1. Which of the numbered conditions does residue 76 fail, given that it passes all the others? Conditions: (1) in contact with a helix residue (DSSP H, G or I) (Cβ under 8 Å, 6 or more places away or on another chain); (2) farther than 24 Å from residue 217 by Cα; (3) crowded, with 17+ Cβ neighbours inside 10 Å.
2. In the list 444, 409, which residue meets the criterion of being within 29 Å of the chain's Cα centre (by Cα), at pLDDT below 95 and within 25 Å of residue 221 (Cα to Cα)?
3. What about residue 181, is it assigned to a helix (DSSP H, G or I), surrounded by 17 or more Cβ atoms within 10 Å (Cβ to Cβ) and either modelled with pLDDT under 95 or over 22 Å from the mean Cα position of the chain (by Cα) (or both)?
4. Specify which of the listed residues (317, 351, 341) is touching a helix residue (DSSP H, G or I) at 6+ places or on another chain (Cβ under 9 Å), surrounded by 15 or more Cβ atoms within 10 Å (Cβ to Cβ), within 24 Å of residue 154 (Cα to Cα) and modelled with pLDDT under 95.
5. Kindly list the number of the only condition in (1) surrounded by fewer than 21 Cβ atoms within 10 Å (Cβ to Cβ); (2) modelled with pLDDT of 95 or more; (3) over 25 Å from the mean Cα position of the chain (by Cα) that fails for residue 394.
6. Residues that are free of Cβ contacts under 8 Å to residues at least 40 places away in the same chain and over 21 Å from residue 105 (Cα atoms): find the helices (runs of 4 or more DSSP H) completely inside region 242-342 holding 1 or more of those.
7. What tally of residues in region 184-201 results from selecting those that are over 26 Å from the mean Cα position of the chain (by Cα), closer than 11 Å to residue 163 by Cβ and in a helix (DSSP H, G or I)?
8. Are any residues in region 35-59 at pLDDT below 95 and in a loop (DSSP other than H, G, I, E, B), and if so, which ones?
């Protein structure tokens, strides 16, 4: 007979396995080439690029953390899949941290619900399966919650240091971490965390030390400074950007996935016949399931926030359940502030730092369902949700654009030069890029090499 514990274990194993399939199938597109170029230059040539990928707001991300995170796995295994394995391991570490931090605040049925709604969630599974700097932010969010919870009772040097350093390194990976920084300020203002000021100073010092190469490079190349596009508080003036950013609060715990995740083409892996009868119905089915589950997420959020002030002070460290609920409410407040201040329209990856908090209202909703209608009915609902999520995960693994070579809207496109990186990292073996094409694109930091083969 199924129990909450058994369902949870089954979901954890299934999520681990399907994430592994996506890692094996992972392909590289333009953003991935920019990341791989930074890591390859460090691993193969000993060159540290002191700034991150180009930003949608202009310029580049600050600091060398991107180069280091991508380069270190390449020192172990010179293949474009090795940094993806690191992303996968980061998500596993996030699971361990979140489970430990949330265990006192969740009932057994809610722990099972968290496994389904967070761990098996297609949004998270996709993020664990390919190389992209925002995908590391899932771990940064987990560290944020775990260290904040550790600081709920008393100020601790180690937890404060880890909290600040995680924000500092995360900001080098993607500026979306600003949302967690705003949340930290709100948690401190409302008494949810107690700060060790020596730990805070040490964390700031370590972050500044890691940024020294960037400051040196910035002095010589001011064009890499980020945030050159748009204007501050664009979201507050136009309103729509705030609403779009907040829409991910409801979409993350649902099957309302972004277009790239459900733009299936199964021809490269399963053949044209399979694609003809699978792709269309799956896309329509997931779109319908996405709309339905987003509505259910809205209902759960209405119940979660009804009669609760998001600005209430901390209930104290001893009441773990109320503390976590307060953390979630303040996360939404921080999201409103950051999306309003953002110079650009938020995209799905820019909301990833709040992913772990966005699922909690739905988890609480499952707990309420169990109390009202019985645990057996709640488990049946969770099993159905798990089956739907796993189906979406498997469909992505075999037909989504980030996990197939070729097909409709492929990830590869013509490049205007050549580089040894493409051979050394196995890119030409797994999904060949058209090289040496005049007018093609090129990774921003990768040196160009003379054509070593006739243009194909």
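The values are calculated or read from the model by the stated rules, or taken from the named source; none is laboratory data. Keep in mind that what you see is a predicted model, and the values were worked out from it rather than measured. Because the Cβ atoms are built from the backbone with ideal geometry, glycine has one as well, and the counts that use them run over all protein chains shown.
1. The failed condition is (3).
2. Numbers: 409 fails: within 25 Å of residue 221 (Cα to Cα).
Answer to the selection: 444.
3. Working: assigned to a helix (DSSP H, G or I): yes; surrounded by 17 or more Cβ atoms within 10 Å (Cβ to Cβ): yes; either modelled with pLDDT under 95 or over 22 Å from the mean Cα position of the chain (by Cα) (or both): no.
Answer is no for this residue.
4. Details: 351 fails: within 24 Å of residue 154 (Cα to Cα); 341 fails: within 24 Å of residue 154 (Cα to Cα).
Just one listed residue meets the conditions, 317.
5. (3)
6. Working: elements: 259-262, 267-270, 272-305, 320-341.
Answer list for region 242-342: 259-262, 272-305.
7. First, the residues of region 184-201 that are over 26 Å from the mean Cα position of the chain (by Cα): 189-191, 194-199, 201.
The next check asks that each one be closer than 11 Å to residue 163 by Cβ; those that pass are 195-196, 199.
The next check asks that each one be in a helix (DSSP H, G or I); those that pass are 199.
Residues meeting the conditions: 1.
8. 55, 56, 57, 58, 59, listed by residue number.
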